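Nothing in this text is a laboratory measurement; each read-out follows from the coordinates by a stated rule. Bear in mind that the values here come from a model prediction, so they are computed numbers and not experimental data. As a convention, Cβ positions derive from the backbone with ideal geometry for all residues, glycine included, and neighbour counts pool all protein chains shown.
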Amino acid sequence: MAKPKNTICLWFDKDAEAAARFYAELFPDSKVTAVHRAPGDYPSGKAGDVLTVEFTVCGIPCLGLNGGPAFTHNESFSFQIATDDQAETDRYWTAIVGNGGQESQCGWCKDKWGISWQITPRALTDAMTEGGATAKRVFGAMMTMKKINVAAIEAARRG
């Protein structure tokens, strides 16, 4: 199988494999495809330590790099996961936040490795693309939420 032309590289301190396996278990069309060990010592590890992990998240190719503590994640990068209903929204949110993560605002949360996730119901994005008064009402409702409440978004959409 040919390697993808573009791959998202995520820098981890030392837990790239654990993160990749968590994502692979949680999201559809996600898997760990390879684990590569360091051929020699490097600044934050030793020969034989897991250096990189190839994985996909919802079909998006990623590479986890165990580069050490020099760089940390922030909200300027996030995965946006579209959900079809409240049950799917709840499942992802609970898995991420409930396993050492933390809630943020407007459908954003962080996993225990510091990666940001937008758990975004299609009801929200569909309503926002309508524009005008509908988008304004939906946006106002979203701004009051942490995890997105689909019923409240649909109520705001209807006015």
**Request:** For A24, indicate whether it is surrounded by 12 or more Cβ atoms within 10 Å (Cβ to Cβ), without any contact (Cβ under 8 Å) to a residue 60 or more places away in the chain and more than 30 Å from M128 (Cα to Cα).
**Result:** no
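Let's see how each residue does on (1) within 11 Å of the chain's Cα centre (by Cα); (2) among the acidic types (D, E):
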| residue | (1), (2) |
| --- | --- |
| Y42 | no, no |
| T52 | no, no |
| L63 | no, no |
| G67 | no, no |
| H73 | no, no |
| I81 | yes, no |
| A87 | no, no |
| E103 | no, yes |
| K110 | yes, no |
**Fill in**
In the range 46-68, anything in contact (Cβ under 8 Å) with a residue 24 or more places away in the chain, under 13 Å from W11 (Cβ atoms) and part of a strand (DSSP E or B) is listed as T52, V53, C62, L63, G64, L65, N66
**Item:** Leading residue by the ranking (surrounded by the fewest Cβ atoms within 10 Å (Cβ to Cβ)) among those in the range 103-129 that are closer than 18 Å to L10 by Cβ and polar (S, T, N, Q)
**Value:** Q118
**Prompt:** For the range 36-91, how many residues meet the condition of being touching a helix residue (DSSP H, G or I) at 6+ places or on another chain (Cβ under 6 Å) and under 17 Å from A16 (Cβ atoms)?
**Reply:** 6
**Message:** I'm trying to understand the selection: among the residues of the range 1-45, which are part of a loop (DSSP other than H, G, I, E, B) and polar (S, T, N, Q)?
**Reply:** N6, T7, S30, S44
